[in-house]
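The values are calculated or read from the model by the stated rules, or taken from the named source; none is laboratory data. Computed from a prediction, not measured in an experiment: that's the story for all the values here. Because the Cβ atoms are built from the backbone with ideal geometry, glycine has one as well, and the counts that use them run over all protein chains shown.
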Amino acid sequence: MKKNKLSIIIHTNSDEKINYALSISAVAAAIDRKVELFFAGETVNNLVSEDILNAKNKHSKLTFSNSGELLNANKELNTRFLICSGALNENKIKKEDLRDDIKWNITGITEIIADDNSQIIFI
C-alpha cells in the first residue's frame with residue numbers, strides 16, 4: 001500500500017501543540033512515511049538562533065523535556081522543514097537569522113496545497 005506524504009502545518013505557537021506536531025512527524029517518518037513540517041505564523045520564531053530570540057525579547061516554544069530529542073529525531077529521519085516565506089516577512093526574520101543546524105526550505109503554502117499526494121494536518 002502506498003503511503004501518502006504527510007504535511008503538518010504548524011500555525012499555533014503553543015508549546016504543547018508544537019511538541020505534539022514534532023511527535024506525530026517523528027512517528028510517521030519512523031514508519032517510512034515522507035513527512036514535512038510547515039512552520040507558519042509566529043512558529044517561525046522557533047527556528048531562529050537564540051541570539052535573535054533574545055534580541056526580539058522572545059523565547060523558544062520548544063520547551064518540553066523531549067522537544068530537542070523530537071527535533072533531532074525528525075532531522076535524522078529526513079523530515080522536510082519548510083518555513084513560510086510570508087511568516088518570515090511578517091515576523092521580520094531574515095534568512096541568515098535561521099538556525100543553521102536544521103536543513104530548511106523557504107516556501108509558500110502553495111507548495112503543500114498543490115501536492116495531490118499529500119495528507120495535511122493543520123495545527
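Some observations on this one:
- From the options K61, K103, K17, residue that is in contact (Cβ under 8 Å) with a residue 24 or more places away in the chain and in contact with an Asp or Glu (Cβ under 8 Å, 6 or more places away or on another chain): K61
- Single condition C84 does not satisfy, out of (1) more than 11 Å from V44 (Cα to Cα); (2) within 12 Å of the chain's Cα centre (by Cα); (3) not aliphatic (A, V, I, L, M): (1)
- Within the set L62, L98, the sole residue that is farther than 16 Å from I8 by Cα, touching a Gly at 6+ places or on another chain (Cβ under 9 Å) and either surrounded by 17 or more Cβ atoms within 10 Å (Cβ to Cβ) or not basic (K, R) (or both) turns out to be L62.
- Matching option when the condition is part of a helix (DSSP H, G or I) and modelled with pLDDT of 95 or more, among I18, I9: I18
- Among residues of segment 66-93, those that are assigned to a helix (DSSP H, G or I) and either in contact (Cβ under 8 Å) with a residue 60 or more places away in the chain or buried (at least 18 other Cβ atoms within 10 Å of the Cβ) (or both), counted: 7
- Filter result for S118 (touching a Lys or Arg at 6+ places or on another chain (Cβ under 7 Å) and either at pLDDT 95 or above or under 20 Å from K3 (Cα atoms) (or both)): yes
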